[in-house]
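Rule-based calculations on the coordinates, nothing more; no lab input. Bear in mind that the values here come from a model prediction, so they are computed numbers and not experimental data. In this analysis, Cβ positions are derived from the backbone assuming ideal geometry, glycine residues included, and neighbour counts consider all displayed protein chains.
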Amino acid sequence: MSIQIQNLTKQYSANGTDTRRAVDDLTFSVEPGQIVGFLGPNGAGKSTTMKIATGYLPPSSGTVLVNGHDVQTDPMAVRRSVGYLPEHNPLYLDLYVKEFLRFAGRLHTLSGQALSQRVADVLEQVGLGPEQHKRIGQLSKGYRQRVGLAQALLHNPPVLILDEPTTGLDPNQLADIRQVIKTAGRDKTVLFSTHIMQEVEALCDRVVIINRGQLVADSPLAELRTRYGGGQLVDTATYLAEFERDLPDPALLRSLPGVTAVERTGQGQYQVTAPANADLRAAIFRLAADRNLTLIGLRQQETSLEGVFKTLTGGNE
Ligand code: ADP
């Protein structure tokens, strides 16, 4: 097992005045080579679990093994085995990209030619080549996220632990970062947290869902789909279509096959809802072409996992 979490409990208050457990007797494991989505409502205990698994916080009780090393008795071996992208991706904004990565590499005792080679490799891997001479503070959020991922990959660890790697990114940046994670996942074990259902669908072999520090589901994605959604974890998809001007008749959208609701959200902007298995993008595009309407934007909205959490946790947030 690459990550083995056994009866893990964490209480933040050291003196026992606060008895609430951020993580409560949690047990699950991640097998080598898997990409596992780690899900749960805000405050469920995901970040706490990840901080413990990367050696940044001690557990109150229970054990965590990463690549066979115990986080409490062998923390240095754990840090060598794991690349960690913390929530909010803390970076030194005044440093240049390459300078920061060389610094991070030296913390992993890389030096000389090996350091230069690894920095060049990860810059390439995350698509940061053209930005490597910029200050981190000058980069967009998407590029900063790439710097965080590059830092996590630098010492070529067999395990990656990524805490909400795509939160706050725009759709293009999302797609790029997902691709980096997917590629990295070909030869690494990845545990990452997210709120976005499409991300789980796009990346994961398996999902682990927690609520109030406790396990509520641990299964392959396909199994979870059949168990909870008759084949679909999310039952509806929403599209945001933007035309140059208001439609002559909003019923045009409503009449497309599968459409269950249309709402005008602004000048020429419509939110269109349909079952998740009916991809409406081509139909909307054709409608625009047939009617000579200028379509200036069309995207599928990311679905949050709230509905799934509600089903799994009985609405208990
Ligand atoms: P998630 O990542 O799933 O949103 P967290 O692990 O951040 O959840 O938080 C789990 C619980 O632990 C929450 O109730 C949160 O308020 C609490 N918590 C997190 N960090 C601390 C801290 N440093 N001190 C005290 N309580 C904390």
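Beta bridges assigned by DSSP with both partners in region 77-214 are antiparallel in approximately 20 percent of cases. Under the combined filter of DSSP loop state and at most 14 neighbouring Cβ atoms within 10 Å, region 60-163 retains these chymotrypsin sites (Phe, Trp or Tyr not before Pro): Tyr92. For Lys134, a cut-off of 23 angstrom between C-alpha atoms picks up these lysines, skipping any fewer than 8 places away in its own chain: Lys98. Model label points for Ala222 and Thr27, set 7 angstrom from Cα along the Cα-to-Cβ axis, are 2.7 nm apart.
With only alpha-carbon pairs counted, each pair once and no self-pairs, how large is the Kirkwood hydrodynamic radius of the chain in angstroms?
Evaluated over the chain, this radius sits at 21.4 Å.
With the charge dipole of region 112-220 set up from +1 on Lys and Arg Cβ and -1 on Asp and Glu Cβ about the Cα centre, the Cα lying farthest toward the positive end among the listed residues Val147, Thr166, Ile210 is that of Val147. Working note: 222 nm ellipticity from helices only, DSSP H runs with n ≥ 4, each -39,500 (n - 2.57), summed and divided by the residues of the chain, gives -9500 deg cm²/dmol to the nearest 500. Rounded to the nearest 20 debye, the dipole magnitude of region 232-306 is 220 debye, with +1 charges on Lys and Arg beta carbons, -1 on Asp and Glu beta carbons, and the Cα centre as origin. Simple rule: put +1 on each Lys or Arg Cβ and -1 on each Asp or Glu Cβ in the chain, find the dipole, and look at Tyr96, Thr236, Leu224; the Cα lying farthest toward the positive end is Tyr96.
If you restrict to DSSP beta bridges whose two residues both lie in the chain, what percentage is antiparallel, to the nearest 5? Antiparallel bridges: around 70 percent, rounded to the nearest 5.
Students often forget the sequence filter, so: which lysines lie under 30 Å Cα-Cα from Lys46 once same-chain residues fewer than 8 apart are removed? Result set, ordered by chain and number: Lys10, Lys141, Lys182, Lys188, Lys310. For region 144-280, a simple Cβ point-charge model (Lys and Arg +1, Asp and Glu -1, everything else neutral) yields a dipole of about 380 debye relative to the Cα centre.
Given DSSP loops and a limit of at most 11 other Cβ atoms within 10 Å, what is the longest stretch of the chain that contains no such trypsin sites (Lys or Arg not before Pro)? Within the chain, the longest run free of exposed trypsin sites (Lys or Arg not before Pro) spans 21-185. Label-to-label distance for Ser111 and Asp246 is 7.1 nm, based on points extended 7 Å past Cα in the beta-carbon direction.
Charging the Cβ of each Asp and Glu at -1 and of each Lys and Arg at +1, and nothing else, the dipole of the chain about its Cα centre rounds to 540 debye.
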